Structures are given as C-alpha cells and as structure tokens.
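Comments concern the structure below.
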Amino acid sequence: MNIGVYVCECGINIAATVDVGKVVEEAKSLPNVVISRLNKYTCSDPGQESIKKDIIDFNLDRVVVASCSPRMHESTFRSVVEETGVNPYCFEMVNIREHVSWVHSNKEKATLKAIDLVAGAVARAAFLEPLERKEVDVIPKTLVVGGGIAGIQSALEIANNGFQVYLVESSPSLGGRMAQLDKTFPTLDCSACILTPKMVDVARHPKIELLTYSEVEEVGGYIGNFNVKVKKKPRYVDIEKCVGCGLCAEACRLKGKVLNEFDENLSKRSAIYVPFPQAVPLKYTIDPERCNMLKFGKCGSELLCVAACERDAIDFNQEEEIIELDVGTIVVATGFDSFDPSTEKKYGYGESPNVITGMEFERIANAAGPTEGHLEINGKEPKKIVFIQCVGSRDKDGNEYCSRVCCMYTAKQAHMVRDKIPDSEIFVYYTDIRAFGKGFEEFYNRVQNENVIYLRRELNDFIQIVHNGSAVMVKAEGHPDIAADLVVLATGLVPRADSKDFAKTLNISQSADGFFLEAHPKLRPLDTFTDGIFIAGCCQSPKDIPDAVAQASGAAVKATIPLAQGKVVIEAISAVINEDLCSGCRICEKLCAFSALEFDSENKIMKVNDVVCKGCGSCAAACPTGAISMNHFSNKQVIAQIGGILEKRRSLIV
Amino acid sequence: MDEFEPNIIGFLCNWCSYAGADLAGTSRIQYPTNIKIIRVMCSGRIEPVFILESLKKGADGVLISGCHFGECHYKSGNYKANRRIKLLKKYLKEMGVDPNRVRFEFVSASEGHRFADVVREFVEELKKIGPISLQITP
C-alpha cells in the first residue's frame with residue numbers, strides 16, 4: 001500500500017489559516033504514506049501533474065488530497081488518478097478549506113484540526129477498494145416542466161437539437177406569467193407579440209408533445225432513466241373535437257360571473273373558458289370549481305354549452321388520466337408566484353380598489369385586459385398615481401432578497417402612464433434603484449426625464465395607505481401626504497406555493513428563500529443535486545425575461561448532453577450483500593425506500609439491484625448479521641477514519 | 001489549566017448537512033474547531049457502532065446531522081437515523097454515558113448559519129458535561 005498525500009495552499013485561502021507545511025510534515029509519519037507534498041493550487045495543471053508523476057514514480061495506489069470541498073473538486077481529482085491508472089474510488093479528499101480555513105481563525109487550532117482530518121483520510125484510504133462504475137443507456141427524451149417563457153425556450157432548444165420533448169404545463173394554456181404582461185422593459189416590446197409566436201412553435205413542433213392542464217405527480221428512477229407519472233386533469237372538453245370557436249362560453253349560464261384569474265380577477269369569464277384569446281392550445285376547459293353541472297349534477301333545464309357546441313366536444317364524463325413517461329433528463333421551469341400584499345396592512349391592499357399590484361396594472365394596461373387598455377379605476381381615469389417599490393422584497397422580517405424586476409417594471413409602468421395620461425402626476429417611492437441590466441439605466445434616465453417624480457424613502461420608514469372615499473392617502477415618513485387616485489404596489493416575486501411539495505417530488509433542494517437550489521451558485525447554476533435534473537427561470541430565483549431565456553437555453557444544453565452521449569455513468573456507491581452472512585431475515589427489505597432489495601426465496605437470502613440502489617446505506621446500518629456492506633462507506637472504512645482522526649489528536653495533546 | 005476543549009466527531013449527510021457546512025465555509029461563518037467532519041451519503045447510514053467507536057476512541061461528543069424530515073435525498077433515511085439514535089441514547093444512559101453526548105440535528109444545504117450555531121451550542125453543552133472517560137477494566 002502506497003499512499004500519496006497532497007496538501008493545497010489554495011493561494012492563501014487555506015495557507016493563511018492553516019500551517020500547511022506542518023500538515024505536510026505530519027502526514028509523512030502516517031502509516032502507508034510514501035510521499036507528502038505541498039501545492040499552491042492542487043487543482044491546477046502543475047498540481048495535477050505532480051500527482052500523476054508521483055503515481056508512476058512512487059507506485060501510488062491511494063491518493064489523498066487535502067484542499068477544498070469534495071463537492072467542488074472530487075470529480076476533478078478522480079479523473080486525474082483514473083488517467084494514471086488508479087481506480088477513482090481509491091482517491092480520498094479532505095476538506096480543509098470550507099470546513100477548516102474558512103470557518104476558523106486560530107491558526108494553531110485550525111492546523112491541528114487539519115492534521116486530524118488528514119490522518120482520518122489516510123486511515124480510511126488504506127481500506128478504500130477499487131469499484132467499477134456502471135454505464136447505462138440514456139432514454140433520448142426530456143421532460144420540461146412549466147410552460148412559461150423559460151419552459152418554452154428550453155423545450156424548443158432541446159427539440160431543435162433533435163430530441164423528443166414532453167412539455168407539461170399545469171394551466172390550460174402555455175404562456176405563463178409573460179403572457180399576462182402588457183409590455184416588457186426596457187425595450188417596450190409588446191409581451192404577447194414576442195411570446196405567442198413561440199407558443200405556436202411549441203405546439204407545431206414535431207418533436208414536442210404538449211401536455212397542458214397536466215401536473216407531474218411522481219418522479220422515479222435516475223439520470224438517463226427517469227419514470228415520470230403525469231396527471232392529466234379532465235378538461236371535460238374533447239380537445240380533438242374542440243375548435244376553440246367560443247360558442248360554449250357565450251352560451252354558458254355563468255357567463256360574466258366567474259372571476260378571471262388570468263386578468264388577476266379584475267374581469268369575469270364563463271365557467272367554460274380559455275384563459276386568454278391567444279391561448280395555446282386554443283381549446284376550452286370547464287372550471288370544475290364553478291360549473292353547475294360538475295358541482296351540482298345539473299345546470300337549469302338544459303346544458304347550454306352542450307347545446308351551443310356544434311362539434312359535440314363537451315364531455316362531462318371525462319376522467320383524470322395518469323400518463324407514464326420515460327425520459328433521460330428533466331428541466332424544471334415552474335416559475336413563481338406574485339407576493340400577496342394583503343398580508344401587510346400598511347399597503348391598504350384589498351380595502352380600496354385604488355390600490356393595485358404591478359401585475360394588476362399589466363392587465364389593466366393591456367388592450368385585451370378588463371378595461372381594454374384604458375387606465376381606469378371604477379370607470380374613472382386616475383390623475384395622480386403613486387408607485388411604491390420593494391413591496392414584499394428586501395424585507396428582513398420577510399423576503400430578504402431583492403426581486404430584481406420591480407424597479408424596472410415600475411419605471412416601465414410609469415412610462416406607460418405618462419404615455420396614456422399625459423397630464424397625470426406620477427410619483428415613485430423608491431429605496432434604491434437597481435438598474436443593472438443592459439439598457440436599464442438608460443431607460444430609467446429616460447423615465448425620470450418624463451416628469452416622473454422619484455421620492456426616496458428608507459426601507460423601514462413608516463408608510464401607510466389610507467382609504468379615503470374615491471381616492472387614497474399615501475402617508476410616507478419625511479414626505480408630504482399624497483392624495484392619490486391610484487397606488488401601484490411593485491409586488492415582488494415569491495417561490496410558488498407548491499415549491500416545497502414539488503421539490504420533494506423531484507428530490508431536489510430549496511434555498512433558504514424557498515426557490516430551488518442550484519448545485520453551485522457560481523459554476524453549476526443550472527444543475528441540481530440530483531443528476532439529470534436542471535432548473536431554469538424564476539423557479540431558481542427572481543429574474544427578468546432575458547435572464548430566464550438565457551438560463552433556459554443553458555439548461556436545454558445541459559439536459560441534451562446525456563441524450564447526445566447516449567450513455568451515462570452511474571455512481572458505484574451501492575449496497576453489497578455477503579451471501580454467506582445473510583440470514584434472510586428481510587429487515588433490510590422494508591427499510592429500502594427504493595425497493596432495491598429483493599428476497600431470493602430459493603436461496604433464502606436478499607439480492608441487491610445495484611442500478612436501483614441509490615447508496616444511502618440505511619440497509620447496511622440495520623443489518624443484524626453485518627451481511628450488507630456499503631461500497632465506499634463500509635464499516636471498516638468509516639471506523640478507520642474515526643480512529644485516524646481521534647488517535648492523532650491524542651498524540652498531539654500528550 | 002486550560003479550559004476543556006471537547007473533541008467532536010460530526011457525521012454529516014452528503015446532500016444537506018455537508019453542503020450546509022460547506023455554505024458556512026463559503027460564507028466565512030466562524031465556529032469552534034472542535035468538530036471534525038466525516039462525510040456519509042445519508043444519516044441513515046449511521047450505525048450505532050460508528051457512534052460507539054467514536055466515544056470509545058475518545059470523542060467527547062458525536063454530532064449526526066441530516067436533512068430535515070421530508071427532505072431526505074433518499075426519502076426517509078433521516079427518519080431511520082432518528083429512530084436508531086433515540087434507541088442508542090437510551091442504551092448509552094444504561095451504560096452510564098450521558099446521552100447528550102450524542103446529538104441528532106437537521107441542517108439543510110442552505111443553512112450555513114444554522115450549522116455554525118449547532119456546532120457552537122454543542123461545544124458549549126459538552127464543556128458542561130466534561131471530558132469523556134470510558135475506563136475499560138482489564
């Protein structure tokens with residue numbers, strides 16, 4: 001057994017807090033260590049070369065690198081040793097940066113800790129065993145979840161690369177939040193004009209199968225071979241027959257009585273509906289919460305929609321369907337929810353119709369919206385308009401993050417007010433203007449020059465909006481009260497209400513703010529901790545349209561790589577059963593969350609399906625006869641590491 | 001005499017707590033050097049023997065940290081760890097070892113601050129409990 005130890009300075013990242021020279025010296029006296037070296041940057045070319053050279057010169061069969069987190073560079077060094085003929089599982093990494101130098105400041109203590117950790121790794125390394133990684137075929141298909149702009153972009157990119165895509169959207173139409181917007185900043189493009197052609201492209205693409213009004217229920221399997229269950233909710237309309245003529249909605253007994261969520265509940269629709277006129281697919285859906293027939297089993301003396309439909313498309317007997325899909329990779333682009341300002345009394349939202357959210361403004365300003373694009377509140381054109389920034393964002397007691405889009409969408413909306421009501425007075429209460437994107441600062445300057453008055457306030461300064469007859473009074477600390485006809489709250493972006501459940505379904509993580517967590521904030525922003533699942537758009541964090549689109553294209557490339565390669569390598573960490581020791585008690589069988597253990601009734605022992613086994617080790621920890629061993633985390637390896645860490649520390653104290 | 005500094009072995013699951021400890025690092029959140037971390041794939045891998053070995057070899061405390069309930073990368077490994085550790089603590093008490101020397105915590109990948117807090121609290125608690133002495137009579 002010949003072990004090589006490589007201690008990294010990481011520039012001064014480690015060397016400033018850990019006496020790396022001492023760690024190198026101490027390592028030399030550890031059992032089986034034949035060479036111990038210091039590198040400025042072990043991950044750099046010279047660092048990697050020194051390991052390769054030593055493997056040959058000293059005939060190393062185990063390599064230990066003490067540097068950063070294995071989550072950062074384990075794969076780098078595994079490749080290095082593998083290229084020089086050492087099995088990648090005979091490599092061990094010690095985290096003396098994230099777990100030592102960056103979290104401690106006492107150099108003496110930090111150095112002792114680093115030595116203990118290296119001693120643990122060297123002790124463990126002696127028991128490491130070569131393992132073979134399995135290659136499995138990749139199903140050349142991708143699932144994209146979410147039909148907003150990010151999901152649309154990803155789906156089109158992957159399909160244009162020649163791979164089959166399933167695009168699942170929970171609402172009846174593609175389009176997402178972007179479809180609700182009137183204009184986009186800072187270019188003032190009409191949102192629908194640039195979005196709807198892409199929606200149509202998706203629907204027409206021969207490589208995309210669109211599943212609207214559907215939800216992902218279950219995700220099983222692993223990279224290359226995910227099995228997904230999708231729930232197709234009943235539309236109660238046969239989409240093969242429906243031509244989207246709308247005669248049913250005209251005829252519906254509840255026409256004009258059902259709140260229209262696409263218009264942020266500012267208009268009313270029928271119980272049978274399309275969310276908006278350019279919906280894709282242009283197929284009607286019956287709202288099961290509101291339709292009399294679905295709720296009460298009857299609707300007056302006759303079913304008006306059925307009578308109106310010339311194509312006989314309405315089918316009240318439709319049932320929920322579960323569709324099973326097999327895909328190689330998954331792109332998650334599920335978007336965001338808008339912050340609900342009614343939770344904060346000070347904004348007076350919900351008490352007065354004169355206080356609206358940014359998204360409500362978009363609908364009112366939109367030519368297809370509830371007022372056909374006329375800015376009006378209760379039929380009256382507002383003359384004095386106040387915008388309030390950072391509603392539901394940058395709040396240390398709530399959402400601490402900046403929602404990134406509100407400064408600019410407020411500037412855009414102020415511009416739109418100036419455009420539509422030239423003689424209006426416009427005020428913006430802001431704290432800091434974050435105009436960081438391409439063309440943003442220029443646009444902000446332009447809006448300021450359009451006689452929009454920006455008034456600065458601190459985030460924690462008192463603000464109160466008081467309902468006052470047909471107007472509202474805006475009281476802000478340090479400023480005169482403003483009697484406004486309209487207050488627009490720049491409401492922030494929050495994680496979708498179902499994020500937690502969906503993260504569980506996908507087996508991915510959330511960050512502290514509730515958005516989905518990327519595998520690395522800088523270098524792997526589109527990956528999740530689950531191989532083969534990628535994230536794009538606002539489900540990862542608030543972002544504007546160009547950023548969401550860029551991320552979606554990136555995620556599409558990531559999701560396509562395994563499909564193009566056709567094969568993926570599966571982690572070799574799995575359970576192994578010693579048939580001589582297995583008593584067939586079957587305790588492990590019930591503990592396995594993935595049904596990877598099966599009872600061989602002929603030989604009365606357990607068998608492991610090592611492709612299904614994820615390597616958690618719950619079974620090994622429970623096996624009463626010690627018959628189950630975990631590859632790469634065997635009892636011998638872990639216990640050796642414990643001993644290595646603790647024994648060395650003892651000798652230093654004495 | 002110098003103040004007693006407890007020696008702690010920390011078993012952290014790869015997906016949540018190890019990543020949380022990494023985040024404490026990247027965020028430069030300071031905590032005491034007493035803890036030495038061993039990475040495992042899941043807290044469900046932790047066998048009682050790992051904990052007993054640690055105590056036997058001189059660890060004054062053992063921290064096991066996994067994902068929050070419902071967030072386990074392997075669905076339910078943390079529930080299994082929870083059950084095992086509860087049972088082990090009863091056994092430790094019978095053996096005359098303070099069960100508070102073994103601590104099971106939940107730290108997610110985004111809880112760098114929480115990880116540092118957990119370590120700080122545990123170190124303080126172990127200072128009160130004092131050094132371990134498992135005398136094996138020949």
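The values are calculated or read from the model by the stated rules, or taken from the named source; none is laboratory data. Computed from a prediction, not measured in an experiment: that's the story for all the values here. Because the Cβ atoms are built from the backbone with ideal geometry, glycine has one as well, and the counts that use them run over all protein chains shown.
Observations on the structure shown:
- Residues in region A:527-542 that are surrounded by fewer than 21 Cβ atoms within 10 Å (Cβ to Cβ) and assigned to a loop (DSSP other than H, G, I, E, B): A:PHE529, A:THR530, A:ASP531.
- Number of the exception - A:GLU261 against (1) more than 30 Å from A:ASP610 (Cα to Cα); (2) charged (D, E, K, R); (3) not assigned by TED's automatic domain parsing to the domain that holds A:ASN292: (3)
- For B:GLU105: the one exception among (1) surrounded by fewer than 18 Cβ atoms within 10 Å (Cβ to Cβ); (2) more than 8 Å from chain A (Cβ to nearest Cβ); (3) among the charged types (D, E, K, R): (1)
- Residue selected from region A:310-329 under the condition in contact with a Phe, Trp or Tyr (Cβ under 6 Å, 6 or more places away or on another chain) and within 22 Å of A:VAL165 (Cα to Cα), by the criterion surrounded by the most Cβ atoms within 10 Å (Cβ to Cβ): A:VAL327
- Qualifying positions in region A:47-90 - more than 34 Å from the chain's Cα centre (by Cα), farther than 22 Å from A:LEU30 by Cα and of a type in the set (Ser, Thr, Tyr): A:THR84
- When A:LYS567, A:LYS636, A:LYS614, A:LYS607 are checked against the criterion of being on the phi < 0 side of the Ramachandran plot and crowded, with 18+ Cβ neighbours inside 10 Å, A:LYS614 stands alone in meeting it.
- Looking only at region A:501-511, and only at residues there that are in contact (Cβ under 8 Å) with a residue 40 or more places away in the chain and outside any helix (DSSP H, G or I), the one that is farthest from A:GLU218 (Cα to Cα): A:ILE508
- Restricting A:GLU302, A:GLU289, A:GLU310, A:GLU319 to those that are under 33 Å from the mean Cα position of the chain (by Cα), farther than 30 Å from A:GLU362 by Cβ and not β-branched (Val, Ile, Thr) reduces the list to A:GLU319.
- For region A:479-500, taking the residues that are in a loop (DSSP other than H, G, I, E, B) and in contact with a Phe, Trp or Tyr (Cβ under 9 Å, 6 or more places away or on another chain), the one that is nearest to A:CYS538 (Cα to Cα) is identified as A:ARG496.
- Each residue in region A:515-526 was checked for being closer than 30 Å to A:ALA192 by Cβ and surrounded by fewer than 19 Cβ atoms within 10 Å (Cβ to Cβ), and 1 pass.
- Odd one out for A:THR212 among (1) modelled with pLDDT of 95 or more; (2) touching a helix residue (DSSP H, G or I) at 6+ places or on another chain (Cβ under 9 Å); (3) buried (at least 22 other Cβ atoms within 10 Å of the Cβ): (2)
- Screening B:ARG45 on (1) free of Cβ contacts under 8 Å to residues at least 24 places away in the same chain; (2) within 12 Å of chain A (Cβ to nearest Cβ) shows it passes everything except condition (1).
- On the stretch given as region B:27-47, residues that are touching a helix residue (DSSP H, G or I) at 6+ places or on another chain (Cβ under 8 Å) and under 24 Å from A:GLU108 (Cβ atoms) total 11.
- Checking each residue in region A:477-493 for being hydrophobic (A, V, I, L, M, F, W, C) and touching a Ser or Thr at 6+ places or on another chain (Cβ under 7 Å) picks out A:LEU489, A:ALA490, A:LEU493.
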